[in-house]
2 protein chains.
Amino acid sequence: MIVFLNGHWVPEERATISVFDRSFLYGDGLFETLRVANGRPFRWIQHWERFEEGAAFLGIQVPFKKASLRDRVSELVTRNRMPDSILRITLSRGPGARGYSPADANSSTLVMSLHPVPPVPARCRVRTVGLCLPSGGPLARFKTNNKLVQVIARAQAEAAGADEALLLNSEGFVVEGSSGNLFWIKRGVVCTPPLEGGVLPGVTRAVTIELCHRLGVDFQESAVRPGDLAGVEAAFLTQSSLGIVNLTEIDDVPMQGSPIVDHLTDGYAAWVLEECG
Amino acid sequence: MIVFLNGHWVPEERATISVFDRSFLYGDGLFETLRVANGRPFRWIQHWERFEEGAAFLGIQVPFKKASLRDRVSELVTRNRMPDSILRITLSRGPGARGYSPADANSSTLVMSLHPVPPVPARCRVRTVGLCLPSGGPLARFKTNNKLVQVIARAQAEAAGADEALLLNSEGFVVEGSSGNLFWIKRGVVCTPPLEGGVLPGVTRAVTIELCHRLGVDFQESAVRPGDLAGVEAAFLTQSSLGIVNLTEIDDVPMQGSPIVDHLTDGYAAWVLEECG
């Protein structure tokens, strides 16, 4: 695979960064994951806006302009012959002196790579784990390179026989999966936790809410505790890589399923084709 | 400078890791910072124990045994001719497939590098910032590579004209500086926040508490809010790199200073010489 690394096209085995890169040392950076279909990244503008806003908040310069980077995405797809793939864009503050102060680190690093589209899992069992996300704060708004809570939560869920972790905030409210926003369906209404509880403003979350409006499905934001999910009809995660992922179990309770999930899944696939077709 | 990278001795400009290393992508790893004096790392055993405990919690294999790595520290010091320096040990889970699950990442990366001892700052003004640390949880016990809160807190403090940030937990209690544990002196008693509030169990924090006992100085743990620090006589941070750093201001309030800080600073220097002399 050919990787885009700071403007150069590099075979993956030679795509390396310094051991003094601040994202290696501190997770000092951001990333975005996008679905590429027919050679085009889905929801490019929405991902770019979150990425740029996050970089501004962290004070990291994005070393390429939006239009220029969009052209490189096309070239990356062509070079790798991967018109249907997952695009990952990683930004790091780059190398710097020892210590947390970012004052002298002015040479940011940008990496883009393509990955195969994983199969949609036939079953996805989620489990609440003991690790907490912050209940809010500015960093929750961005996809930062500080993902150890998600990594350990996923590992704990897998160790307990599940496929994915469900994370709570420090007040005990449900926030999201380790790698996707959570939705559930209760009495025909599609629900998801409000952003105020520390929820990542997922691009696919926004697409799903818009889809509910388009399709005339009732939708509401709702702050819940894990116990409140025991009585729901269906639940799913939204991810930029896979779209809508139906959940088959939450904390050992099987979901009966809902035609609304199929309806949204079809609507999502149609939207991807409409935008990238 | 020569860097120790997975068992190899590499010039720093060639000390690189993959862009798919999980510490670059997620901050999925740990580090330790130790003072080296007379060629010997101070409090090696204590740092090693925290490091090993953290690696076990994260499920990352440490690719070298304690005694073997201790020998490499000596060799690193000799090769770089830096008997008085700062040693940084960084552990990463290494490269892995895209996604948070660490299940298939079994090739961890260990880096050791030496850095000059920074001068003890003549003044250190700290400022409370708006970013919060978690109030507890297992990850607070270890020096993980997820340090974006500390990085941004430091940047915000520096932007406000201070030298260092003071971080609170989500309940509003004082936790620590971005790069050191906080102590203060009130009516002759040395105080520091209890670990339960999400405080990193700093090695230099433990040395300082032990020093209070050795020197017959009154000590207590105390949970405080930032306003409670306005009336203190003196305050300092403890860091493995610099030892005891006297604070000259907290949130624009000048500290009058205390001979107890000098007493502890001298005691700390003596202890370093005693162990590493």
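Only four residue types carry charge here, +1 at the Cβ of Lys and Arg and -1 at the Cβ of Asp and Glu. Report the dipole size of chain B about the Cα centre in Debye, rounded to the nearest 20.
Charge dipole of chain B: 680 debye, to the nearest 20.
State, to one decimal in nm², a quarter of the convex hull surface area for the C-alpha atoms of region A:113-268, i.e. the direction-averaged projected area.
Seen from a random direction, the Cα hull of region A:113-268 projects 8.9 nm² on average.
Quick check of the Kirkwood formula: for region A:229-277, what is the inverse mean of 1/r over all pairs of different Cα atoms, in Å? Walk me through the numbers before you get to the answer.
On the way: mean 1/r = 0.0853 Å⁻¹.
Computed over Cα pairs of region A:229-277, the Kirkwood hydrodynamic radius comes out at 11.7 Å.
Starting from the alpha-carbon convex hull of region B:147-229, give the projected area averaged over all orientations, in nm².
Result: a mean projected hull area of 5.9 nm².
Given the -39500 (n - 2.57) contribution per DSSP H run of 4+ residues, what per-residue ellipticity at 222 nm results for chain A, rounded to the nearest 500 deg cm²/dmol?
Only helices count here, giving -9000 deg cm²/dmol.
How much accessible surface does A:Cys132 have with a 1.4 Å probe, in Å² rounded to 10?
The accessible area of A:Cys132 comes to roughly 70 Å².
In whole angstrom, how far apart do the alpha carbon centroids of region B:180-226 and region A:231-277 sit?
Here the answer is 51 Å between Cα centres.
Work out the length of the dipole vector of region A:1-96 about its Cα centre, built from +1 on the beta-carbon of each Lys and Arg and -1 on the beta-carbon of each Asp and Glu, and round it to the nearest 20 debye.
Dipole about the Cα centre, nearest 20: 220 debye.
On a 1.4 Å probe surface of the protein chains, which of A:Thr78, B:Thr265 comes out largest in accessible area, and what is the full order?
A:Thr78, B:Thr265
What do you get for trypsin sites (Lys or Arg not before Pro) in region B:151-206 restricted to DSSP loop and a cutoff of at most 12 other Cβ within 10 Å of the site's Cβ? Spell out each step's value before the answer.
Numbers: sites: B:Arg154, B:Lys186, B:Arg187, B:Arg205; in loops: B:Arg187.
Those satisfying the criteria are B:Arg187.
Using only the alpha carbons of chain B, determine the length spanned along each of the three principal axes and report them from longest to shortest in whole angstroms.
Principal axes ranked by extent give 52, 43, 31 Å for the Cα atoms.
Please list the radius of gyration and Dmax for the protein assembly as shown, considering alpha-carbon atoms only, with Å as the unit.
Radius of gyration, then largest Cα-Cα span, for the protein assembly as shown: 24.5, 76 Å.
Using alpha-carbon positions, what is the distance between the centroids of region A:111-125 and region B:79-112, in Å?
Answer, in whole Å: 26.
Provide the solvent-accessible area of A:His213, counting protein heavy atoms only and rolling a 1.4 Å probe, rounded to the nearest 10 Å².
Roll a 1.4 Å probe over it and A:His213 shows about 120 Å².
In debye, nearest 20, what is the charge dipole magnitude of region A:25-173 about its Cα centre with +1 on Lys and Arg Cβ and -1 on Asp and Glu Cβ, if you could check?
360 debye
How crowded by other chains is B:140-148, given as the mean number of beta carbons from other chains within 10 Å of each beta carbon?
Working: counts 0, 0, 1, 0, 6, 9, 10, 7, 15.
Neighbouring Cβ atoms belonging to other protein chains average 5 per residue here.
Taking every residue in A:128-138, how many Cβ atoms of other protein chains lie within 10 Å of its Cβ, on average?
Mean shielding count: 3.
Can you give me the % of accessible surface on the protein assembly as shown that is carbon or sulfur? Probe 1.4 Å, all protein chains present, nothing else counted.
In the protein assembly as shown, the share of accessible area belonging to carbon and sulfur is 51 percent.
So with the 1.4 Å probe, I'd like the accessible area per residue for region A:21-144, rounded to whole Å².
40 Å²
Bin all alpha-carbon pair distances of region B:1-123 at 5 Å intervals from 0 and give each bin's fraction as a whole percent.
Reading the bins upward from 0: 2, 11, 21, 22, 19, 13, 8, 3, 1, 0.
With a 1.4 Å probe, what is the total accessible area buried between chains B and A, in Å² rounded to the nearest 100?
On the way: alone 13130 and 13110 Å², together 21780 Å².
The B and A chains share an interface burying roughly 4500 Å².
Sum up the lysine pairs in the protein assembly as shown that clear both bars: alpha-carbon distance under 26 Å and a spacing of 8 or more or different chains.
10
Sorted by accessible area (1.4 Å probe), largest first, how do A:Lys65, B:Lys147, B:Lys66 line up?
Result, largest first: A:Lys65, B:Lys66, B:Lys147.
Work out the mean other chain Cβ neighbour count within 10 Å for the residues of A:90-100 and drop it here as an integer.
4
The values are calculated or read from the model by the stated rules, or taken from the named source; none is laboratory data. Keep in mind that what you see is a predicted model, and the values were worked out from it rather than measured. No Cβ is skipped: glycine too gets one built from the backbone with ideal geometry, and neighbour counts run over all protein chains shown. Only protein heavy atoms, including side chains, enter the accessible area calculation; ligands, DNA and RNA are left aside. Shrake-Rupley method; radii C 1.70, N 1.55, O 1.52, S 1.80 Å.
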